[in-house]
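First the structure, in the form of structure tokens, and then the observations on it.
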Amino acid sequence: MATILWVLLIACSVVASPLQVAAQPTVKISGSITVNLNVFQVFKAKIETASAVKLEVMANSSSHGLEDLISGRVDVAILSSPLTAVAGKLNQKQPGAVDTSTLKEFKIGESRVAFIVHPSNPVKSVTLSQLKEILAGNITTWKEVGGADAVIVVVAEASGGGIRLTVEEKLLGGMSVTQQARHVTNGPQVPLIVKQLPDAIGRASAQHDLAGVVVLQTEEVIAQPLILVTKVNPNGLITNVIEATAKVAPQ
């Protein structure tokens with residue numbers, strides 16, 4: 001009897017052995033906070049189910065995501081500005097850092113850029129032309145756009161963030177925001193500062209927490225793309241993630 005029990009125990013241990021259980025494959029993702037807010041924080045479980053892949057997502061910035069992909073630390077970079085714009089900024093800092101011919105870009109959706117001010121600000125709408133002059137530092141007081149006689153405080157996320165790159169490319173013609181801007185580490189911090197400063201203006205994704213600020217009305221919406229970037233010829237697991245993500249991302 002003892003021999004039979006011992007054989008059964010061995011058999012059970014073989015069946016339950018971790019070596020016999022296939023681990024779920026994992027895809028590592030890094031980059032844009034905006035893409036994470038719009039897509040992965042909302043739809044991560046659905047994407048994992050549809051692709052049969054476990055996702056590890058780190059939200060930092062578009063530039064950091066691209067650097068992580070190039071270094072091999074992750075499988076997918078998430079960007080909220082075109083690959084050429086993000087790569088261009090990195091190559092300005094370190095020539096040759098990014099070879100875009102080795103990368104593949106997948107636009108999966110887009111998100112609206114919100115230009116925000118303090119609730120006490122009487123200015124509730126501006127033209128895109130006025131916005132350009134404000135962010136470039138050529139319009140320096142709210143009085144010039146129908147507001148109070150107060151100096152405008154431009155609040156901007158650090159260089160390399162997707163929202164900043166999108167605005168600089170689409171609104172400022174490739175120029176940087178004014179050197180007088182008050183900089184914060186990332187996009188979600190911009191609304192936190194703007195709601196504390198009556199004379200501030202900032203930019204954020206419409207998906208960020210905009211409680212306590214007012215979104216300025218403009219004659220045209222500026223949208224930032226939601227992008228996945230991989231090395232060329234991504235494998236089947238990564239392709240499954242891209243296809244599943246594209247189905248749920250906001251358009």
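Quick check on region 112-224: what are the equivalent-ellipsoid semi-axes from the Cα gyration tensor, as sqrt(5λ), descending, whole Å?
Numbers: eigenvalues 64, 50, 37 Å².
After scaling each eigenvalue by five and taking roots: 18, 16, 14 Å.
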> So for the chain: antiparallel DSSP bridges make up what percent, rounded to the nearest 5?
Replying inline: 55 percent
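Expected output is a single nm value to one decimal: the length gained when fully extending between GLN41 and ALA158, i.e. 0.36 nm times separation in residues minus the C-alpha distance. What is it? All intermediate terms of the calculation are to be shown ahead of the outcome.
Values: separation 117, 0.36 × 117 = 42.12 nm, distance 2.24 nm.
Contour length minus the Cα-Cα distance gives 39.9 nm.
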> Measuring from label point to label point, each 7 Å out along Cα→Cβ, what is the LYS104 to THR140 span in nm?
Replying inline: 5.1 nm
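List the pairs from LYS28/LYS89; LYS170/LYS195; LYS28/LYS231 whose alpha-carbon separation is above 18 Å, in the order I gave them. Write down the numbers at each step before the final one.
Values: LYS28/LYS89 23 Å; LYS170/LYS195 25 Å; LYS28/LYS231 13 Å.
The answer is LYS28/LYS89; LYS170/LYS195.
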> Roughly what % of DSSP beta bridges within region 116-240 run antiparallel, to the nearest 5?
Replying inline: 40 percent
> Using only helices, what value at 222 nm comes out for the chain when you add -39,500 (n - 2.57) per DSSP H run of length 4 or more and divide by the total residues, to the nearest 500 deg cm²/dmol?
Replying inline: -10000 deg cm²/dmol
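Report the gain in length on full extension from GLU56 to SER176: 0.36 nm times residue separation, minus Cα-Cα distance, nm rounded to one decimal. Please list the in-between numbers first.
Details: separation 120, 0.36 × 120 = 43.20 nm, distance 3.26 nm.
Between GLU56 and SER176, full extension yields 39.9 nm more.
Computed from the coordinates by the stated procedures, all read-outs in this text should not be read as laboratory data. What you are looking at is a predicted structure, and each value in this text was computed from that prediction instead of being measured. Backbone-built Cβ (ideal geometry, glycine too); neighbour counts: all protein chains shown.
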